[in-house]
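The values are calculated or read from the model by the stated rules, or taken from the named source; none is laboratory data. As the structure is a prediction and not an experimental result, all values here were calculated from the model. Please note: Cβ atoms are built from the backbone with ideal geometry, for glycine as well, and neighbour counts cover all protein chains shown. Note: areas computed on protein heavy atoms with side chains; ligands, DNA, RNA excluded. Shrake-Rupley method; radii C 1.70, N 1.55, O 1.52, S 1.80 Å.
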Amino acid sequence: ELFSYSKNEKNIVVIVLDMFTGSHFPYLLEYFPQLKTQLDGFVYFPNTVSTANATVFTIPSIIGGEYYTIINQNKRRADHEKSERDAYLNTARAFTKAGYEVGFISYPNAASEMMQKTENVFWVDDHRDFYNYFVKKHPGINFDNPHIYDVAHFLSFGLFKFMPDGWMRRSVYRNGLWFFKYRTGTDGHNVTYSVSSFYAFSQIKKANSKKPTFKFIHTDITHAPQAIYAGGGKCNYLKEKTVWDKQELFYPTDLKNFKIPPLYTRHQHFDSEACSLFLLNDFLEWLKEENIYDNTQIFVLSDHAGVDSAFPVPHLLPQDRNQDALFLFKDFEKIGEIKTDSRFMANFDAVTIFCENLKTGCPKVAPNILKNYPENREIIHARNFNIKTTDNTLWPIQRAYKIKGNIYDPAAYTDVSAEYATVGEYAKK
């Protein structure tokens with residue numbers, strides 16, 4: 001169910017590349033011009049914003065619609081775990097009810113247990129089989145003394161477990177990296193685990209489904225830590241080099257070494273993004289070979305950007321940037337060189353398009369945005385900085401901005417934190 005597609009019915013594929021920075025895409029086309037033809041029939045939306053700067057705050061709206069943005073959940077005082085479950089369940093059931101074969105590649109989240117029990121839904125959030133598949137396909141890969149990382153993780157976790165909550169714990173576990181990992185170089189196992197699900201998705205394919213298909217793929221291939229080199233227009237795994245030679249564009253000019261934490265999310269980010277598009281092309285070429293490209297609708301999104309936007313907004317706080325999301329879309333029966341649509345979009349708009357394939361749509365999802373585009377559109381972008389609250393019904397927001405127009409224009413941002421913040425200086429007032 002997870003890797004099968006239909007020759008005669010519709011195939012809908014939604015790919016979420018975690019932390020892909022949208023403003024990198026034009027530079028990817030510049031470095032790898034073959035992508036202009038490989039992304040056959042796609043539309044690129046360069047003016048796309050994420051509704052928040054972290055996965056847990058954005059993914060419910062990408063699968064369930066604007067109703068599930070962090071801002072709207074806070075307005076309703078909704079329980080965020082229940083909201084995440086409902087967002088997945090509503091859309092999955094809408095497609096199964098319409099007769100679709102439905103498959104998800106995800107990471108463990110609040111919806112996992114329920115989705116595993118949902119009838120006619122194939123849900124995978126344990127990636128160990130993907131990992132083993134990747135390793136078997138790359139027998140010569142060098143993990144560089146993997147036992148070192150086991151010891152490092154063990155010691156780091158031990159420290160973390162017995163540290164009091166607060167700055168001491170944050171010094172042991174920093175945004176996805178453990179304290180001792182910095183001293184041991186690249187953790188090949190961790191990188192491989194992140195890459196493996198999308199690699200498997202792009203390589204394992206069957207055109208034997210008797211039903212229309214819907215697939216939602218959430219992958220960490222573009223998320224830190226990265227160890228992929230895109231030289232030669234291919235994925236070179238567990239290599240420390242990068243094709244990016246314009247560090248000053250994505251990084252501060254006074255940055256001495258962008259390999260060193262906490263700047264680890266910048267090094268090789270561009271290469272990992274390129275690799276994800278190379279693997280995507282493997283999938284696209286197979287669709288063409290099987291003569292099912294025309295009856296396949298494809299979305300390539302990011303839940304949020306990295307901290308390396310090519311167009312930082314100076315007054316955006318906290319200074320993480322990462323509001324510029326990726327949005328690529330190929331509709332049924334579309335071919336030709338990639339086109340650009342500069343309308344102001346959000347990554348949650350994708351669900352309005354793919355749910356239009358159902359006669360009754362999906363619960364709580366608006367009509368197709370491309371056919372019902374609003375005038376003077378405004379979108380709220382919320383920002384969190386790993387602040388914990390005791391109220392489980394509120395998702396913490398430190399800053400919020402109302403955006404209207406061009407997301408790369410500082411004048412397009414209005415600070416509305418006083419209205420929407422739930423923690424920090426505005427909430428205290």
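Below are the figures for this structure:
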| item | result |
| --- | --- |
| So residue 392, is it in a loop (DSSP other than H, G, I, E, B), among the polar types (S, T, N, Q), closer than 30 Å to residue 102 by Cβ and modelled with pLDDT under 90 | yes |
| Odd one out for residue 20, checked against (1) part of a helix (DSSP H, G or I); (2) buried (at least 19 other Cβ atoms within 10 Å of the Cβ) | (1) |
| Matching residues, the stretch 208-235, being in a strand (DSSP E or B), touching a Gly at 6+ places or on another chain (Cβ under 7 Å) and among the small types (Gly, Ala, Ser) | none |
| Conditions (1) hydrophobic (A, V, I, L, M, F, W, C); (2) at pLDDT 95 or above; (3) not in a strand (DSSP E or B): number failed by residue 328 | (3) |
| Residue match in the stretch 2-16 (condition: among the acidic types (Asp, Glu) and touching a Gly at 6+ places or on another chain (Cβ under 8 Å)) | no |
| Scope the stretch 43-65; condition more than 15 Å from residue 403 (Cα to Cα), at pLDDT 95 or above and crowded, with 20+ Cβ neighbours inside 10 Å; matching residues | 44, 45, 58, 59, 60, 61, 62, 63, 64, 65 |
| Subset of the stretch 208-220 [touching an Asp or Glu at 6+ places or on another chain (Cβ under 8 Å) and open to solvent by less than 30 Å² (accessible area, probe 1.4 Å)] | 209, 212, 213, 214, 218, 219 |
| Long-range neighbours under 6 Å by Cβ, at least six apart or interchain, first residue touching a residue at least 60 places away in the same chain (Cβ under 8 Å) within the stretch 66-78, second among the aliphatic types (A, V, I, L, M) and open to solvent by less than 80 Å² (accessible area, probe 1.4 Å) | 68/87; 70/52; 70/382; 71/380; 71/382; 74/394 |
| Selection from the stretch 66-92 of residues that are of a type in the set (Ser, Thr, Tyr) and open to solvent by less than 20 Å² (accessible area, probe 1.4 Å) | 68, 69, 83, 88, 91 |
| Residues that are assigned to a helix (DSSP H, G or I) and either open to solvent by 20 Å² or more (accessible area, probe 1.4 Å) or closer than 17 Å to residue 334 by Cβ (or both), drawn from the stretch 279-291 | 280, 281, 282, 283, 284, 285, 286, 287, 288, 289 |
| Selection within the stretch 130-152 - modelled with pLDDT of 70 or more and open to solvent by less than 60 Å² (accessible area, probe 1.4 Å) | 130, 131, 133, 134, 135, 138, 141 |
| Single unsatisfied condition, residue 335 versus (1) open to solvent by 10 Å² or more (accessible area, probe 1.4 Å); (2) of a type outside the set (Ser, Thr, Tyr); (3) at pLDDT below 95 | (3) |
| Residue identified as assigned to a strand (DSSP E or B), touching a helix residue (DSSP H, G or I) at 6+ places or on another chain (Cβ under 9 Å) and β-branched (Val, Ile, Thr) among 43, 14 | 14 |
| Any hit, the stretch 160-179, residues being touching a Pro at 6+ places or on another chain (Cβ under 9 Å), open to solvent by less than 100 Å² (accessible area, probe 1.4 Å), modelled with pLDDT under 70 and within 30 Å of residue 92 (Cβ to Cβ) | yes |
| Condition met for residue 351 (modelled with pLDDT of 95 or more and open to solvent by less than 10 Å² (accessible area, probe 1.4 Å)) | yes |
| Selection status of residue 97, closer than 30 Å to residue 377 by Cβ and surrounded by fewer than 21 Cβ atoms within 10 Å (Cβ to Cβ) | no |
| Close pairs (6 angstrom Cβ cut-off, 6 or more residues apart or separate chains): closer than 16 Å to residue 14 by Cα and β-branched (Val, Ile, Thr) in the stretch 87-109, part of a loop (DSSP other than H, G, I, E, B) and modelled with pLDDT of 95 or more anywhere | 91/362 |
| Hey, residue 71 β-branched (Val, Ile, Thr), touching a Ser or Thr at 6+ places or on another chain (Cβ under 8 Å), over 30 Å from residue 5 (Cβ atoms) and part of a helix (DSSP H, G or I) or not | yes |
| Pairs where the first residue, in the stretch 50-65, is over 17 Å from residue 369 (Cβ atoms) and the second is small (Gly, Ala, Ser) and not in a loop (DSSP other than H, G, I, E, B), C-beta under 7 Å, 6+ apart | 52/382; 57/382; 60/83; 60/87 |
